[in-house]
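Here's the structure we're looking at; comments come further down.
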Amino acid sequence: MSSTSTSQGVEHIVLLKVKDNIESSKINTMINEVQSLVTIEQVRHFIVGPLLTNNKTTSTTIPFSDLSYTHLVHSRYESKEDLQIYNDHPNHINVVRGFVFPICDDLLVIDWIGEDVALLSHPLPGIAFRLSLLKLKDEKDTKVKEEVFRALRGIEENVGGVSYVSYGENISPERAKGFSIASLVIFSRREGLDRVEPEEGLVKVKGYLESVVVVDFVVPSK
């Protein structure tokens, strides 16, 4: 990774599902137009591309969702105010209306405040992301949330090859389909990702989970 600094930051995730039988040229155009949003002043990190895997697991104990997505957009901001400026920016609105909505038939948006996250502008090709979204059976039980957060913190300690883990409670419920907790694990190489099962860290808290989405993403070559 390059151009990193450590501080509190807002993680912004969008999962997209491209419609079936869309021409690859239109998908590539969408990716390029979305990636151009990195030029908005408030953006501190931005990456977009196709998912590597979507809820790929053999687990029979974790309640994985049947939701399906094809692409991920991940960006970071120094504050909720900066994220709102990005969301309201005319370039962002034009790209979403002109290139995303016409070829996508579903999306999920989730945001959280990550403590001590690395705010990076240009992730290097080959870096691997694992995003986990959790819907709890009891969203109001603070003790359950604390236990879930402890389990997510443990991933960094128990798994090799992890650059860092960012996790938190969703602050934008409108388009998150009920998912309230998110975790982003970043591996320095894809090989580290391949050695870790999607349910890593979740088994200890499986009794609290109503639904889980896990997707993998590898930063593509330019």
* Asked: If you check Lys137 against the conditions, is it in contact with a helix residue (DSSP H, G or I) (Cβ under 8 Å, 6 or more places away or on another chain) and either of a type in the set (Lys, Arg) or farther than 25 Å from Val219 by Cα (or both)?
  -> yes
* Asked: What number of residues within region 43-74 satisfy the criterion of being modelled with pLDDT of 95 or more and either polar (S, T, N, Q) or more than 18 Å from the chain's Cα centre (by Cα) (or both)?
  -> 1
* To do: Kindly list, by first and then second residue, each pair from a residue in region 47-68 that is more than 13 Å from Pro198 (Cβ to Cβ) to a residue that is modelled with pLDDT of 90 or more and among the aliphatic types (A, V, I, L, M), limited to pairs with Cβ atoms under 6 Å and residues at least 6 apart or on different chains.
  => Val48/Ile31; Val48/Val34; Val48/Val73; Leu67/Val213
* Candidate set from region 9-60 (those that are of a type in the set (Asp, Glu) and out of contact with any Ser or Thr (no Cβ under 9 Å at 6 or more places or on another chain)); member that is nearest to Ile113 (Cα to Cα) -> Glu41
* To do: Starting from residues that are surrounded by fewer than 14 Cβ atoms within 10 Å (Cβ to Cβ) and either aliphatic (A, V, I, L, M) or outside any helix (DSSP H, G or I) (or both), keep the ones in region 132-168 and report whichever is modelled with the lowest pLDDT.
  => Gly160
* Write out, first by first residue and then by second, each pair whose Cβ atoms fall under 6 Å of each other, whose residues are 6+ apart or on separate chains, and whose first residue, in region 197-222, is crowded, with 20+ Cβ neighbours inside 10 Å while the second is at pLDDT below 90 and in a strand (DSSP E or B). => Val215/Asn54; Asp216/Thr53
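The values are calculated or read from the model by the stated rules, or taken from the named source; none is laboratory data. Keep in mind the model is a prediction, meaning the values are calculated, not measured. When we count neighbours, we look across all protein chains shown, and the Cβ atoms used for this are built from the backbone with ideal geometry, even at glycine.
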